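Asks: Input: one structure, supplied below.
Rule-based calculations on the coordinates, nothing more; no lab input. Please read these numbers as outputs of a predicted model, since none were measured by experiment. Every residue, glycine as well, gets a Cβ built from its backbone with ideal geometry; the counts of neighbours run over all protein chains shown.
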Amino acid sequence: MLSIDTLLECRWIVPIRPRGAVLERHALAIDQGRIVAIEPIATANARFHARERVLLADHVLIPGLVNAHTHAAMALLRGVGDDLALMTWLRTRIWPLEQALVSADFVHAGTRLAALEMLRAGVTCCNDMYFFPESAARALRSTGMRAVVGIVAIEFPTGYASDADDYLRKGLAARDALRDDPLVRFTLAPHAPYTVADATLARIGVLAEELDCPVHIHLHETRDEIEQSIAQHGLRPLARLERLGLVNERLLAVHAVHLAADEIALLGLRGCSIAHCPASNMKLGSGIAPIAQLLDSGAGVAIGTDGAASNNRLDVLGELRLAALLAKGATHDATVAPAARMLEAATLGGARALGLEREIGSIEIGKAADLTAIELSEPAVLPCYDVISQIVFAASREHVTDVWVEGNAVVQKRQFTAGAETGSAQSILSAALPWQNRVRELLNKPPA
Ligand SMILES: [Zn+2]
């Protein structure tokens, strides 16, 4: 008998690769954080002596969901500026509140709140873009979550940094400070073409190649953004990035709502990835990204929630259902964005976009045991004929029961249980409360 840490006995396993595969009554063996075997339950029980066995009798096990775009700390700003257009929302609510509030402590408290929400919803890794990335990374890791954080860059000063050089310097220092944690990765994260100058974008292109990391940027989110770019630079934003050498396999373009046919083809040809954030795009009235066409083009498609101030849920499973429905509705074609393809976007698609496809995104021997169990035993998810379609179209985050990150159980039977040193769910909520009161005060203050 081989001795291992954990054996998960599952009703179903959806490994993601090969696409559409469903394994019935299989067990997954975990040792030292890695997947070491996937085989029929009877065979696994005969072969392994597990220190811990978990019975998932009515559950489907999938790879942990990847949130390919978020601003986790903005969980503290959930609902502060609803029903406003993007630029009005940024200029009258978000940017003034951030100027008044953003600090390492704000980011830590907000990011832990977001991590708690995401882990309980089966999200094991998020790609964050916010100020104080070191604080965000430490907050995510303190809850047991896998972290990808941005070396953020923007031209204007904030409580975090004074100018683009200062942002990059601080972000690179954060990367150095966290280099020994294998569950933390960095991206270069210029906020958007309309907030970052040519010189900074060009420097980021060079840095991304040197550091071999993704470039995470909001792109073609609204029609206004494109018109403003044409007026200012004589080019659409994607063409401007192309001129500056940024349109390559490292590019992770967030939103990509407004794209011409030749732009879709270019993104596919260069192997770029898109972080599709359908709820945020709907809520801010930005439009519907052409996901069916992007999938056809060969571009990578991943799923993001955006921040809780523009969504207002950090719910990748919900986002996935919305993405599939919108793609079908927008193209008048029910066959596009099929369930298996969309579930792949929310797992392996995110992993690929972040350069983590050898580590996470599918259930394969040798990969990290980042896993999510979804229980399919209550009326809303019964009967079950096609388990993948059930996950995408019927299940919701409330059906997530158990979550592991690199083999560590962070959610068990719907409760956050990451461990003594990480603090309880209650301590995370208590730390968020003073910030809620502070935001309320600022919102109630009459304008100067
Ligand atoms: Zn965003």
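Asks: May I ask you to sort Tyr160, Tyr194 by Cβ crowding, counting other Cβ atoms within 10 Å and putting the fewest first?
Replies: By the 10 Å Cβ count, ascending, the order reads Tyr194, Tyr160.
Asks: Still on this structure, I have one more. I'd like to know which of Leu326, Ala432, Val336 lies farthest towards the positive end of the charge dipole of the chain, counting +1 on Cβ of Lys and Arg and -1 on Cβ of Asp and Glu.
Replies: Ala432
Asks: State to the nearest 20 debye the size of the charge dipole of the range 279-423 about its Cα centre, where the only charges are +1 on K and R beta carbons and -1 on D and E beta carbons.
Replies: Dipole about the Cα centre, nearest 20: 280 debye.
Asks: Then there's this: Most exposed first by the Cβ proxy, i.e. fewest other Cβ within 10 Å, how do Cys272, Cys126 rank?
Replies: Cys272, Cys126
Asks: When the Cα centres of the range 33-69 and the range 398-437 are compared, how far apart do they sit, in Å?
Replies: With the range 33-69 and the range 398-437 each reduced to a Cα centre, they are spaced 21 Å.
Asks: So, one more: What trypsin sites (Lys or Arg not before Pro) in the range 144-185 are in a loop by DSSP, with at most 12 other Cβ atoms within 10 Å of the Cβ?
Replies: Qualifying residues, ordered by number: Arg179.
Asks: If you restrict to DSSP beta bridges whose two residues both lie in the range 1-150, what percentage is antiparallel, to the nearest 5?
Replies: 40
Asks: Next up: Just name one of His255, Gly159, Gly349: the one whose Cα is farthest towards the positive end of the charge dipole of the chain (beta-carbon charges, Lys/Arg +1, Asp/Glu -1).
Replies: So the residue furthest toward the plus end is Gly159.
Asks: Follow-up. Per residue of the chain, what 222 nm ellipticity follows from adding -39500 (n - 2.57) for every DSSP H run with n ≥ 4, rounded to the nearest 500?
Replies: Calculated mean residue ellipticity at 222 nm is -10500 deg cm²/dmol.
Asks: While we're looking at this one, here's another question. Taking the range 307-406, which chymotrypsin sites (Phe, Trp or Tyr not before Pro) meet the DSSP loop condition and have no more than 14 other C-beta atoms within 10 Å?
Replies: Tyr385
Asks: Of all beta bridges DSSP finds with both residues in the range 123-191, what is the antiparallel percent, to the nearest 5?
Replies: 0
Asks: Have a look at Ala37, Leu84, His71 and report the one farthest towards the positive end of the charge dipole of the range 1-106, computed about the Cα centre with Cβ charges (Lys/Arg +1, Asp/Glu -1).
Replies: So the residue we want is Ala37.
Asks: How many percent of DSSP beta bridges within the chain run antiparallel, rounded to 5?
Replies: Of the beta bridges lying entirely in the chain, close to 40 percent run antiparallel.
Asks: Turning to a different aspect of this structure: Order 186-193, 333-340 from most to least packed using the mean count of other Cβ atoms within 10 Å.
Replies: 186-193, 333-340
Asks: Identify all aspartates and glutamates with a Cα-Cα distance to Lys283 below 18 Å; exclude those on the same chain that are fewer than 8 residues away in sequence.
Replies: In chain and number order, the partners are Asp82, Asp83, Glu221, Asp224, Glu225, Asp306, Asp315, Glu319.
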